[in-house]
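Input: a single structure, listed below in structure tokens.
The values are calculated or read from the model by the stated rules, or taken from the named source; none is laboratory data. Here the structure is a predicted model, which is why all the values come from computation and not from measurement. Here the Cβ is made from the backbone with ideal geometry for all residues, glycine too, and neighbour counts use every protein chain on show. Ligands, DNA and RNA are excluded from the accessible area calculation, which covers all protein heavy atoms including side chains. Shrake-Rupley method; radii C 1.70, N 1.55, O 1.52, S 1.80 Å.
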Amino acid sequence: MRIVCPFCGERELGEFTYLGDAKPVRPVAGASEDEVFDYVYLRDNVAGATSEYWYHGGGCRAWLKVSRNTLTHEISAVEPAAGAGAAKVGA
Amino acid sequence: MASAQTHRLSNGGLVDRSAPLNFRFDGKAFSGFQGDTLASALIANGVKLVGRSFKYHRPRGILTSGSEEPNALVELRTGARREPNTKATTAELYDGLEAASQNRWPSLRHDVMSVNQLFAPIFVAGFYYKTFMWPAKFWEAIYEPAIRRAAGLGRAAGVADPDHYDKAWAHCDVLIAGSGPAGLAAALAAGRSGARVILCEEDFTLGGRLLSDGGTIDGLPAAAWLSKTLDELAAMPDVRITTRTTLFGVYDGGTYGAIERVSDHLPSPPEHQVRQRLWRIVAKRCVVAAGAIERPIVFAGNDTPGVMMASAMRTYVARYAATPAKRIALFTNNEDGWRTVETALGAGLQIAAVIDARPEVSPAHRSLASKGGFPVLHGSVSGVDGGKDGVRKIAVSLTGGSRAEVEADGLAVSGGWNPAVGLTSFHRGRPKWSDDISAFVPDGAPPGMVAVGAANGDFGLGACLSQGFAAGATAAHDTGHNDKAGIAPVADDEAFSLAPLWHVAGKGKAFVDYQHDVTASDIELAQREGFESVEHLKRYTTLGMATDQGKTSNVAGLAIMAAVSGRSIPETGTTIYRPPYVPVAIGAFAGHHRDETFHATRLTPSHHWAVEQGAIFVDTGLWKRAQWYPRAGEKDWLESVTREVKAVRSGVGFCDVSTLGKIDVHGPDAGAFLDRVYINTFSSLAVDKARYGLMLREDGIVYDDGTTSRLAEDHYFLTTTTAKAGLVMQHLEFCRQVLFPELDVQLTSVSDQWAQFSIAGPKTRDLLREIVDPAEDLSNEGFPFMGAREVALRGGLKARLFRISFSGEMAFEISVPARFGDAMARNLMLAGAPFGVTPYGTEALGVMRVEKGHIAGPELSGTTTAADLGLGKMMSTKKDYIGRVMAGREALVAPDRQVVVGIKPVDKARRLRSGAHIIPKGQTPGPGNDQGYVTSVCFSPTLDQWIGLALVERGRERIGEIVHAHDPLRGEDYDVELCNPVFYDPDGGRQRG
Ligand SMILES: [Zn+2]
């Protein structure tokens, strides 16, 4: 498997670390225990298009959002996480 | 003296008669020629019996001439290089080769286990499941040893492999599997267009079936065209052709696996050369020109030595000038089988008869028969009379019902051809059935891949050339190259007419899977017992599960299943294809990652100095860390470690702690960022101060700990544990980039940039004053406990100095750029000599941290909360942080949780061991009353006894209670007292002094 890192170009799987589903969004401060529980534990077991977090630890250390089809393993898009790279969001 | 090559033709073939090679098979000396395989050399010497079968120990001969061989498996080489299950059909002959047959005892010709044939009824399909179910104890005592002795597939060497294996990457535009006419045409087209091409050929000679079947291409004999084509390809700098290389796997994103047998054709690898090389090839396009595999017909006695695939027989005659038989019968259901007759006649061999299952034979072949003086019998072979010396007589059932007999010493069989659909099916693709050739053909392929020629079900030479060429040109075009492929090579297509025939009913065992001894009646039995699905059929009968993966047997097996279950073959379907296409040695996957080079080794900045000091090292992850520094006269590690601890507690010592993870956190929001990742607050930390921090996982469990110092308003320096250095960096980057992208903060890993030493003991300041510029104030007022700042050293070098203590003593940690680490260690020794400075290792470090009740890896176990560790008060209630909400869950704040507590043996002389379970005193140990376990122990020189830390239910409420330590692993039981985990200087006066 190969991932096209937006910063480094196409690299092989061994340079990346998989984290998991990129869909859940961390609840804001003060969220209820149930909301945080869902964020921490509840995941869909998707057969088809997913987005997931991968870390380019063997390269630029960017966190990437990879759109991948779990049935075909086809990667349709790779985008950097909002805060990847040097600039802060909104700056 | 080697025996004469009685079955070698006097001329022809691709063997080099000027290069004779001596070899031994089962101890007997033979000779062959350069260019032989072990199989062709055995054939040239008239050897027909090469092995015994797996289950019934039936005598077996050579069936094929390629990597699909199910029978002729041998143990190749001797000693540490002995390799079982090596296919004689692909093993290249070299001088001095030694091979032994398998599955026989005491000898190949007299095998006592062949009595298994008499007990054949118990070896039917599913016999493992049926026969050996009861009684259970019989398994270990009788069945398993007996089966293992009887049914081995060769013996492994039993000692370490002396050879090296390599792993390498390659990248190309167009990857081609196979160097037959289709593959070479693809390489020509892609290469002429300027594409970067890699062509992998399994064989040691390029040309595929051209080497055996010849033909005419562009008006030239095949050999001439081949040589001209290889010359043209050799002149193309971007075309790389590798022989002895099998493409075995297809992975995502155009990644392919190939195994190159670099030195398998040599007695042993030359110096500095590897045995095999595992290639990972990244290719934008892949052209599969892997050909097809001729399939047997299942009939009684079809495993008799001398029964051989028709294509293999003509390969041995044409390519190797070796004659498997003098008087050959052919059993075919298709036109292609007749080529063997043409080849045999051309070599002067006798044809006994052709048994053709089709109703009609072409006029050309009729006249060939009358010229050659042999009969054409319409019908099928129903039995073979012969034994370990090979075929003698062949029984034929003629169409119409009458019978005939043919005397022959060899029987060539052709049941048609199965395209090699493995590579195209490895992404769970299912091939589709083609009625035209009665075979499965690829139904699509993984992205970027296309099958051509015989691999695609088009067997004609003309079709192979045109399809291969077109695919090569398209692949080059698709990868951005010019369209200068030129003109495709041209040849005629041979006729291919086939009447499907899978199984001839008859008396006696008719083998489908030769390697696993699966017969037609096994498949019929499986059907009767309800194992109709191909996946069940495979597992119940073990059809196709041997090392050949059923290359010659799968399709016939499911055709028979289709027939007995009243379904069509496509309805019956195929099993899932999985890599590797051929067996690949585990050593090749490991490559150089074995023994000392199993993983990378990280050395601390003072490593070489520590080696000079005679340090004993311990592996900590990838690191080599000095564990202790033995001195002459010390009888064991405990004596050395005890000395080191006492030296620190009474004077001064130092320890390389560079393995800690170190991260610079920069930016105006650095403090706010740390507040969100640690349970305690860092934005309030004053510049030039350090603070201990604890971080949780989002589920509320403790993740890591360490000290963080604020070196400037917008610059923090954070340390992690050695074990979690990389993971914490990854976690912090996730927090920064994904969770809190609005914060203006940057992270830099500086673990390798700083050499860091802990200097500890009451004389620490005395030592430091010799190192640090005298202008720096190191007094308690000028540099108080938990102070942290940059200082100048004598000589001007800048260092970072942190007044932190893991040992509980007056201590500093000093950081210098890593390249000065070695010098710093030497300098500390010199400057510290007047104070009796003592280097100490990780053992003494660990002893002092247990004495001080500090938590470390064993307590940060991935199950403990901050409160379990006695650090609940650090959890800020004024801010959000990772893990805060989940840490408040009922079970994580339950009052009966196991918490860190100290333990002391009631018998002061007793040694403690970590891992012992804590049980209430007076109770019988069991899971129901297991209240925790001992996490860390040490011999405390300070207290002159063993002490430890444990996780114990409600432990902090039970200080002073005597409990029972139960260690079933070591068979130890003793009482311990629960106590305050801080054994040494509980007020902390020493570290503040
Ligand atoms: Zn990258």
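Out of the residues in segment B:617-641 that are crowded, with 18+ Cβ neighbours inside 10 Å and out of contact with any Ser or Thr (no Cβ under 9 Å at 6 or more places or on another chain), state the one that is farthest from the other protein chains (Cβ to nearest Cβ). My answer is B:Ser640.
Beta carbons closer than 6 Å, at least 6 apart along the sequence or on distinct chains, pair a first residue in segment A:1-22 that is aromatic (Phe, Trp, Tyr) with a second that is more than 9 Å from the ligand (Cβ to nearest atom) for A:Phe16/A:Trp54; A:Tyr18/A:Trp54.
With B:Glu92, B:Glu75 as the choices, which residue is closer than 20 Å to B:Arg244 by Cβ, touching a residue at least 24 places away in the same chain (Cβ under 8 Å) and not small (Gly, Ala, Ser)? Walk me through how you get there before you give the answer.
Numbers: B:Glu75 fails: closer than 20 Å to B:Arg244 by Cβ.
Just a single option satisfies the conditions, and that option is B:Glu92.
Scanning segment A:44-62 for residues that are of a type outside the set (A, V, I, L, M, F, W, C) and either modelled with pLDDT under 95 or within 12 Å of the ligand (Cβ to nearest atom) (or both) yields a count of 8.
Just checking, which of B:Leu793, B:Leu743 is within 10 Å of chain A (Cβ to nearest Cβ), within 53 Å of the chain's Cα centre (by Cα) and surrounded by fewer than 21 Cβ atoms within 10 Å (Cβ to Cβ)? Before you say what the answer is, go through the steps one by one.
Details: B:Leu793 fails: within 10 Å of chain A (Cβ to nearest Cβ).
None of the others qualify; the one that does is B:Leu743.
Might you check whether a residue that is away from every other protein chain (no Cβ under 14 Å), touching a residue at least 40 places away in the same chain (Cβ under 8 Å) and assigned to a loop (DSSP other than H, G, I, E, B) occurs anywhere in segment B:813-835? Looking for residues that are away from every other protein chain (no Cβ under 14 Å), touching a residue at least 40 places away in the same chain (Cβ under 8 Å) and assigned to a loop (DSSP other than H, G, I, E, B), one finds none in segment B:813-835, hence no. Scanning segment A:18-38 for residues that are in a loop (DSSP other than H, G, I, E, B), at the interface with chain B (Cβ under 10 Å from one of its Cβ atoms) and surrounded by 13 or more Cβ atoms within 10 Å (Cβ to Cβ) yields A:Ala22, A:Arg26, A:Pro27, A:Ala31.
Could you figure out which of (1) in contact (Cβ under 8 Å) with a residue 24 or more places away in the chain; (2) within 14 Å of chain A (Cβ to nearest Cβ); (3) open to solvent by 30 Å² or more (accessible area, probe 1.4 Å) isn't true of B:Met886? For B:Met886, the exception is condition (3).
Considered as a group, the residues in segment B:261-272 that are in contact (Cβ under 8 Å) with a residue 60 or more places away in the chain and not β-branched (Val, Ile, Thr) include one that is farthest from the other protein chains (Cβ to nearest Cβ), and that residue is B:Pro267.
Only one of A:Gly58, A:Gly14 is more than 8 Å from chain B (Cβ to nearest Cβ) and in contact with a strand residue (DSSP E or B) (Cβ under 9 Å, 6 or more places away or on another chain). Can you tell me which?
From the options A:Gly58, A:Gly14, the qualifying one is A:Gly58.
Of the residues making up segment B:225-260, not one is within 14 Å of chain A (Cβ to nearest Cβ), within 12 Å of B:Arg277 (Cα to Cα) and open to solvent by 30 Å² or more (accessible area, probe 1.4 Å). Here B:Met545 clears all of (1) open to solvent by less than 20 Å² (accessible area, probe 1.4 Å); (2) of a type outside the set (Asp, Glu); (3) outside the structural domain of B:Phe820 (by TED's automatic domain parsing) except the condition numbered (1). Looking across segment B:181-200 at every residue that is within 30 Å of the chain's Cα centre (by Cα) and crowded, with 24+ Cβ neighbours inside 10 Å, the one that is farthest from B:Phe248 (Cα to Cα) is identified as B:Val197. The residues of segment A:52-82 that are assigned to a strand (DSSP E or B) and surrounded by fewer than 16 Cβ atoms within 10 Å (Cβ to Cβ), listed by number, are A:Ser67, A:Asn69, A:Ser76, A:Ala77, A:Glu79.
Residue-wise test of (1) away from chain A (no Cβ under 14 Å); (2) assigned to a strand (DSSP E or B); (3) touching a residue at least 40 places away in the same chain (Cβ under 8 Å).
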| residue | (1), (2), (3) |
| --- | --- |
| B:Val648 | yes, no, yes |
| B:Phe654 | yes, yes, yes |
| B:Ser658 | yes, no, yes |
| B:Lys662 | yes, yes, yes |
| B:Phe673 | no, no, yes |
| B:Arg676 | no, no, yes |
| B:Asn680 | yes, no, yes |
| B:Leu685 | yes, no, no |
| B:Ala690 | yes, yes, yes |
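Quickly run through segment B:429-485 and pick out the residues that are part of a strand (DSSP E or B) and small (Gly, Ala, Ser). Let's see the steps before the verdict.
First, pick out the residues of segment B:429-485 that are part of a strand (DSSP E or B): B:432-434, B:439-441, B:449-451.
Of everything in segment B:429-485, those that are part of a strand (DSSP E or B) and small (Gly, Ala, Ser) turn out to be B:Ser434, B:Ala439, B:Ala451.
Taken across segment B:891-903, residues that are in contact (Cβ under 8 Å) with a residue 24 or more places away in the chain, in a helix (DSSP H, G or I), surrounded by fewer than 21 Cβ atoms within 10 Å (Cβ to Cβ) and within 14 Å of chain A (Cβ to nearest Cβ) do occur, with at least one present.
Open to solvent by 50 Å² or more (accessible area, probe 1.4 Å), outside the structural domain of B:Thr78 (by TED's automatic domain parsing) and closer than 19 Å to B:Ala471 by Cα: which single residue out of B:Arg280, B:Arg285 fits that description?
Numbers: B:Arg280 fails: closer than 19 Å to B:Ala471 by Cα.
Only one candidate passes the filter, namely B:Arg285.
On the basis of being of a type in the set (Asp, Glu), under 29 Å from B:Pro762 (Cα atoms) and crowded, with 17+ Cβ neighbours inside 10 Å, does B:Asp868 make the cut? I'd like the intermediate steps shown before the answer.
On the way: of a type in the set (Asp, Glu): yes; under 29 Å from B:Pro762 (Cα atoms): no; crowded, with 17+ Cβ neighbours inside 10 Å: yes.
Spelling it out, it is not the case that B:Asp868 is of a type in the set (Asp, Glu), under 29 Å from B:Pro762 (Cα atoms) and crowded, with 17+ Cβ neighbours inside 10 Å.
If you go through segment A:21-28 one residue at a time, do you hit one that is within 15 Å of the ligand (Cβ to nearest atom) and over 16 Å from the mean Cα position of the chain (by Cα)? Looking for residues that are within 15 Å of the ligand (Cβ to nearest atom) and over 16 Å from the mean Cα position of the chain (by Cα), one finds none in segment A:21-28, hence no.
Can you name every residue in segment A:63-77 that is at the interface with chain B (Cβ under 7 Å from one of its Cβ atoms) and either near the ligand (Cβ under 9 Å from one of its atoms) or modelled with pLDDT of 95 or more (or both)?
If we filter segment A:63-77 for residues that are at the interface with chain B (Cβ under 7 Å from one of its Cβ atoms), which is where we start, we get A:63, A:73.
The answer is A:Trp63, and nothing else.
Note on segment A:3-17: among residues that are hydrophobic (A, V, I, L, M, F, W, C) and more than 9 Å from the ligand (Cβ to nearest atom), the one that is surrounded by the fewest Cβ atoms within 10 Å (Cβ to Cβ) is A:Val4.
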